[in-house]
Amino acid sequence: MAKSFKTVVGFDALNKKLADAVKRMPEASKRFLDAEAELLKSRAMRHTPVRTGRLRGDWKRTESDGQKVEVNNNVEYAGNVEYGHRKKGGGMTKGRYMLHKAMAETNEFFEEDAEALFEELLT
């Protein structure tokens, strides 16, 4: 006959786990956002077209404060490459949407990564 096991978890144990998670949350969320921003930055670089390498090499990210982090490119023509632009002789150059594509790829796994963070905090 198989043995059955019961696990009794009271509110005291749950409250202790939650309090511990709240203490660790600021550092964990900072680490999480920094990692997600680094993924976004590397994916944006991968989608960036290369002529001289200047545009691809200028992707930067800020350090997370635990609430937000920014990924940007300050090359003066980055917006023209991202969204497209008019040509002098007429016509349009299509946008390459390098940051948009990178964000779409990152969003695919963001929720899964966030769930893993919460599991880590509650164990």
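The values are calculated or read from the model by the stated rules, or taken from the named source; none is laboratory data. What you are looking at is a predicted structure, and each value in this text was computed from that prediction instead of being measured. All Cβ positions, glycine included, derive from the backbone under ideal geometry; neighbour counts span all protein chains shown. With ligands, DNA and RNA removed, areas are computed over all heavy atoms of the protein, side chains included. Shrake-Rupley method; radii C 1.70, N 1.55, O 1.52, S 1.80 Å.
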(message) Tell me the angle of helix 98-122 to the major Cα principal axis of the chain, expressed in degrees between 0 and 90 and rounded to the nearest ten.
(response) 10
(request) Subtract the Cα-Cα distance of Ala114 and Lys87 from 0.36 nm times their separation in residues, and report this length gain in nm to one decimal. (result) 5.4 nm
(message) Can you tell me, using C-alpha contacts under 8 Å and at least 6 residues apart, the relative contact order of the chain as a whole percent?
(response) 26
(message) Among Ala78, Phe110, Gln67, which residue has its Cα furthest toward the positive end of the charge dipole of the chain, with +1 on Lys/Arg Cβ and -1 on Asp/Glu Cβ?
(response) Ala78
(message) Please compute the per residue accessible area over the range 48-88 with all protein chains in place, 1.4 Å probe, rounded to a whole number of Å².
(response) 74
(request) Compute the long axis of helix 11-47 from its Cα atoms, compare it with the longest principal axis of the Cα atoms of the chain, and write down the angle in degrees, 0 to 90, nearest 10. (result) 20
(message) Rounded to the nearest percent, how much of the accessible area of the chain (1.4 Å probe, protein heavy atoms only) is carbon and sulfur?
(response) 56
(message) Explain nothing, just compute: Karplus ³J(HN,Hα) = 6.51 cos²θ - 1.76 cosθ + 1.60, θ = phi - 60°, for every residue of the range 78-94 in order, whole Hz, x for Gly and Pro.
(response) 4, x, 5, 6, 5, 9, x, 7, 7, 8, 4, x, x, x, 10, 9, 5
